[in-house]
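Asker: Got a structure for you, questions after.
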Protein chains: 2
Amino acid sequence: MNKKKSNYSEYALFHLAVDSIIFGFDEGELKLLIHKRKFEPFMGDWSLFGGFLKEEESLSDAANRILFELTGLQKIYMEELQTYGDIERDPAGRVLSVAYYALIPAHRYSEDYSKQYGATWVSLKELPDLIMDHNDMVKSALRRLRRRTASQPIGFELLPREFTIPQLQSLYEAIYQTELDKRNFRKKILSMGVLVKLEEKDMSGSRKGAFLYRFDKRKYERLIEKGYNFTI
Amino acid sequence: MNKKKSNYSEYALFHLAVDSIIFGFDEGELKLLIHKRKFEPFMGDWSLFGGFLKEEESLSDAANRILFELTGLQKIYMEELQTYGDIERDPAGRVLSVAYYALIPAHRYSEDYSKQYGATWVSLKELPDLIMDHNDMVKSALRRLRRRTASQPIGFELLPREFTIPQLQSLYEAIYQTELDKRNFRKKILSMGVLVKLEEKDMSGSRKGAFLYRFDKRKYERLIEKGYNFTI
DNA sequence: ATAATTAAGTGTAATTATAACACTTATTAA
DNA sequence: TTAATAAGTGTTATAATTACACTTAATTAT
């Protein structure tokens with residue numbers, strides 16, 4: 001490479017934050033992990049989890065780091081949502097925030113972390129006022145989640161590895177805020193051929209018990225290659 | 001507000017660029033507006049249009065400003081794509097880039113601007129190597145455009161205000177790289193009831209001429225309110 | 001004037017996907 | 001043994017999508 005470098009020193013510099021909209025599914029409801037902010041401004045107010053981008057860190061590394069520091073979880077489904085760049089969004093200085101949304105299997109999130117970070121699961125139906133533009137971020141993330149779960153099999157990221165059909169249906173019902181017919185739902189999801197039925201039953205939800213299934217990612221990917229189009 | 005301010009001075013600072021993937025539709029093909037970069041590094045190489053975020057400017061203002069400076073066009077369809085934040089993406093310094101994609105009616109883009117900015121329309125099929133991660137941005141924008149045009153009526157942004165059904169079909173064929181049946185296409189698009197047929201014919205494409213139509217945004221919005229779901 | 005050319009425009013039948021709907025079964029607790 | 005409860009199952013009606021071929025309006029060439 002024989003290119004002259006430019007150092008861009010004439011251009012402005014900005015702080016960059018990463019904020020995470022962390023979704024979970026528990027007790028038949030879609031939930032969000034939030035906490036009370038630990039520094040000024042807005043100390044003590046409800047906030048998404050976030051942090052600042054470091055000098056020697058890529059943006060996606062930062063998003064993963066922040067989620068890991070908070071939950072101890074890695075290899076979590078995460079997708080960039082949008083970058084928020086209004087001038088006045090943070091009264092304490094010019095900070096742009098890259099919002100990511102993450103789907104975590106709520107059962108894997110331990111109480112220990114919850115205490116350590118003061119994290120709380122709140123139902124999306126009774127979401128409190130969050131600081132700055134965080135409520136906008138949540139709204140936008142929810143819209144995105146609805147679009148995505150309708151066309152990609154990411155709902156499974158919110159469930160344990162082994163789950164029942166009624167659990168899966170209840171998840172979609174929570175995401176779309178609508179009731180689904182269980183016969184049609186079962187027919188549709190099983191017809192795709194991406195679920196593997198296990199021998200075992202989950203007896204926790206009913207007397208009869210419901211068979212456990214597992215999502216087979218390989219099968220799904222083979223279907224996609226053939227041009228298959230996942231939709232709920 | 002009785003909140004103490006924090007100035008975040010302990011956190012790192014970054015340059016922020018905005019890069020625009022500008023799509024147009026001409027001669028039955030989807031095209032991209034690019035130019036030869038005017039400064040180091042990579043001076044003279046093919047690049048998307050971009051610029052740096054200014055101190056007193058919101059992110060979306062910056063995106064609009066850059067597009068306006070280049071094309072003289074305002075109120076253009078534009079959507080944020082993704083923020084690119086790899087450490088080494090720009091060899092001349094740490095710069096994060098927020099990519100936007102824009103849809104412009106190619107006929108409104110005048111030759112004058114083209115000369116002034118050295119802008120060139122290139123077919124997506126013969127896209128040259130672009131600098132840094134710009135080819136990734138284009139790939140990602142194209143995926144997004146395909147998803148969006150399938151579920152929202154944004155294709156019209158690429159056409160003149162008055163267009164024919166065969167033109168519209170040809171646009172979708174270019175976007176999806178597939179052939180569509182003209183009877184089924186016409187049936188589908190007209191059945192939505194969002195196109196208004198005009199008296200006039202466009203005689204440029206054939207001897208018989210094709211009737212002109214206009215997209216009626218109001219009607220579309222009324223449909224959406226009723227829960228209608230636009231799909232091609 | 002007439003014929004040839006060309007893309008626009010049109011309808012129907014077959015197939016597939018979606019939506020609506022009610023009873024039986026496995027298990028546990030009383 | 002019975003009562004209770006959620007899981008599990010099939011069919012029919014309706015709507016959406018796909019496949020498919022000829023006619024028409026206007027222009028150009030003869």
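Asker: For A:ILE22, B:ILE232, what's the fewest-to-most ordering of other Cβ within 10 Å of each Cβ?
Answerer: Details: A:ILE22 27, B:ILE232 18.
Going from least to most buried by this count: B:ILE232, A:ILE22.
Asker: Which value, in Å³ per residue, describes the convex hull spanned by the Cα atoms of chain B? It would help to have the intermediate numbers written out before the result.
Answerer: Numbers: hull volume 40.1 nm³, N = 232.
Dividing the Cα hull volume of chain B by its residues yields 173 Å³.
Asker: Additional query: Take peptide A:42-48, look around each residue's Cβ out to 10 angstrom, count Cβ atoms belonging to other protein chains, and average those counts.
Answerer: Numbers: counts 4, 3, 1, 1, 0, 0, 0.
Mean partner-chain Cβ count within 10 Å for A:42-48: 1.
Asker: Could you put B:ILE87, A:ILE76 in order, starting from the residue whose Cβ has the fewest other Cβ atoms within 10 Å? Mind showing how you got there, number by number?
Answerer: Numbers: B:ILE87 13, A:ILE76 18.
Ranking B:ILE87, A:ILE76 by Cβ neighbours within 10 Å, fewest first, gives B:ILE87, A:ILE76.
Asker: Oh, and also: To confirm my reading of the symmetry, which residue of chain B has the Cβ nearest the axis that brings B onto A, and what whole-Å distance does it have?
Answerer: Its Cβ sits closest to the axis: B:LEU13, 2.
Asker: Put the label 7 Å from Cα along Cα→Cβ for B:MET43; what are its distances to the other copies, in nanometres, shortest first?
Answerer: 5.0
Asker: Please state the relative contact order of segment B:193-232 as a whole percent: Cα pairs under 8 Å, 6+ residues apart?
Answerer: Values: 36 pairs, mean separation 15.2, N = 40.
The normalised contact order for segment B:193-232 reaches 38 percent.
Asker: Would you work out the charge dipole size for segment B:106-181 about its Cα centre, treating the Cβ of every Lys and Arg as +1 and the Cβ of every Asp and Glu as -1, and quote it to the nearest 20 debye?
Answerer: On the way: 10 positive and 11 negative charges, 61 e Å.
Roughly 300 debye for segment B:106-181.
Asker: Using Cβ counts within 10 Å as a stand-in for footprinting exposure, how do B:LEU158, B:LEU48, B:LEU198 rank, fewest first? Let's see the in-between values first.
Answerer: Numbers: B:LEU158 25, B:LEU48 28, B:LEU198 13.
Lowest count first: B:LEU198, B:LEU158, B:LEU48.
Asker: Using the Cα centre of segment A:1-158 as origin and beta-carbon charges of +1 (Lys, Arg) and -1 (Asp, Glu), tell me which of A:ASN64, A:TYR117, A:PHE49 is placed farthest towards the positive end of the dipole.
Answerer: Going by the Cα projections, it comes out as A:ASN64.
Asker: Between the DSSP loop rule and a limit of at most 14 other Cβ atoms within 10 Å, which chymotrypsin sites (Phe, Trp or Tyr not before Pro) in segment B:1-98 are left? Mind dumping the intermediate values first?
Answerer: Working: sites: B:TYR8, B:TYR11, B:PHE14, B:PHE23, B:PHE25, B:PHE39, B:PHE42, B:TRP46, B:PHE49, B:PHE52, B:PHE68, B:TYR77, B:TYR84; in loops: B:TYR8, B:TYR11, B:PHE39, B:PHE42.
Filter output for segment B:1-98: B:PHE39.
Asker: So what J values fall out for segment A:198-213 if you push phi through Karplus, 6.51 cos²θ - 1.76 cosθ + 1.60 with θ = phi - 60°, rounded to Hz, Gly and Pro as x?
Answerer: Couplings: 9, 6, 7, 10, 9, 9, 6, x, 6, 5, 5, x, 10, 5, 8, 10 Hz.
Asker: Looking at segment B:118-179, which trypsin sites (Lys or Arg not before Pro) are DSSP coil and have at most 16 other C-beta atoms within 10 Å of their C-beta? Mind showing how you got there, number by number?
Answerer: Values: sites: B:LYS125, B:LYS139, B:ARG143, B:ARG144, B:ARG146, B:ARG147, B:ARG148, B:ARG161; in loops: B:ARG161.
Loop-located and lightly packed - B:ARG161.
Asker: Additional query: Would you work out the charge dipole size for chain A about its Cα centre, treating the Cβ of every Lys and Arg as +1 and the Cβ of every Asp and Glu as -1, and quote it to the nearest 20 debye?
Answerer: On the way: 37 positive and 34 negative charges, 258 e Å.
For chain A, the charge dipole is close to 1240 debye.
Asker: What residues qualify as long-range amide H neighbours of A:VAL95, i.e. H under 5 Å apart, gap of 5 or more or another chain, H built at 1.01 Å from N?
Answerer: Amide H neighbours of A:VAL95: A:ASP90.
Asker: How large is the Kirkwood hydrodynamic radius of the protein assembly as shown, in angstrom, based on all distinct alpha carbon pairs?
Answerer: Values: mean 1/r = 0.0401 Å⁻¹.
Taking every pair of different Cα atoms in the protein assembly as shown, averaging 1/r and inverting gives 24.9 Å.
Asker: For peptide B:75-83, how many partner chain Cβ atoms fall within 10 Å of a residue's Cβ, on average?
Answerer: Values: counts 0, 0, 0, 0, 1, 6, 2, 7, 10.
Averaged over the peptide's residues, the number is 3.
Asker: Rounded to the nearest 500, what is chain B's calculated 222 nm mean residue ellipticity when only DSSP H runs of at least 4 contribute -39500 (n - 2.57) each, over all residues? Kindly include the intermediate steps, with their values, before the conclusion.
Answerer: Numbers: 6 runs with 69 residues, N = 232.
Computed ellipticity for chain B at 222 nm equals -9000 deg cm²/dmol.
Asker: What are the residues whose amide H is under 5 Å from the amide H of A:LEU48, where those residues sit 5 or more places off or on another chain and H is modelled from the backbone?
Answerer: The answer is A:ILE131.
Asker: Mind checking which aspartates and glutamates have their Cα closer than 15 Å to the Cα of A:LYS201? Skip sequence neighbours fewer than 8 apart in that chain.
Answerer: Output for A:LYS201: A:GLU162.
Asker: With charges only on Cβ, +1 for K and R and -1 for D and E, what is the dipole size of the protein assembly as shown about its Cα centre, in debye, rounded to 20?
Answerer: On the way: 74 positive and 68 negative charges, 426 e Å.
Around 2040 debye, computed over the protein assembly as shown.
Asker: Kindly rank B:214-225, A:200-211 from highest to lowest mean number of other beta carbons found within 10 Å of each residue. All intermediate terms of the calculation are to be shown ahead of the outcome.
Answerer: Values: B:214-225: 13.6, A:200-211: 11.7.
My ranking of the peptides, most packed first, is B:214-225, A:200-211.
Asker: Moving to a separate point now. What does the average come to when, for each residue of peptide B:85-98, you count the partner chain Cβ atoms lying within 10 Å of its Cβ? Spell out each step's value before the answer.
Answerer: Numbers: counts 13, 4, 6, 1, 2, 3, 4, 6, 6, 5, 2, 8, 0, 5.
Averaged over the peptide's residues, the number is 5.
Asker: Between segment B:130-204 and segment B:50-78, how far is it from one alpha carbon centroid to the other, in angstrom?
Answerer: Each part's Cα centre sits 25 Å from the other's.
Asker: From Cα coordinates alone, what are the radius of gyration and Dmax values for segment B:159-225 in angstrom?
Answerer: That works out to 12.5, 41 Å for Rg and Dmax.
Asker: For B:ARG108 and B:GLN74, calculate 0.36 nm times their separation in residues minus their Cα-Cα distance, and state this gained length in nm to one decimal.
Answerer: Numbers: separation 34, 0.36 × 34 = 12.24 nm, distance 1.10 nm.
Full extension of this stretch gives 11.1 nm more.
Asker: Okay, moving on. Identify all lysines with a Cα-Cα distance to A:LYS208 below 22 Å; exclude those on the same chain that are fewer than 8 residues away in sequence.
Answerer: A:LYS182, A:LYS187, A:LYS197
Bear in mind that the values in this text are calculations on the coordinates, not laboratory data. Only a predicted model underlies this, so the values are computations on that prediction, with no experimental measurement involved. For neighbour counting, all protein chains shown are included, and Cβ atoms are generated from backbone atoms with ideal geometry for every residue, glycine included.
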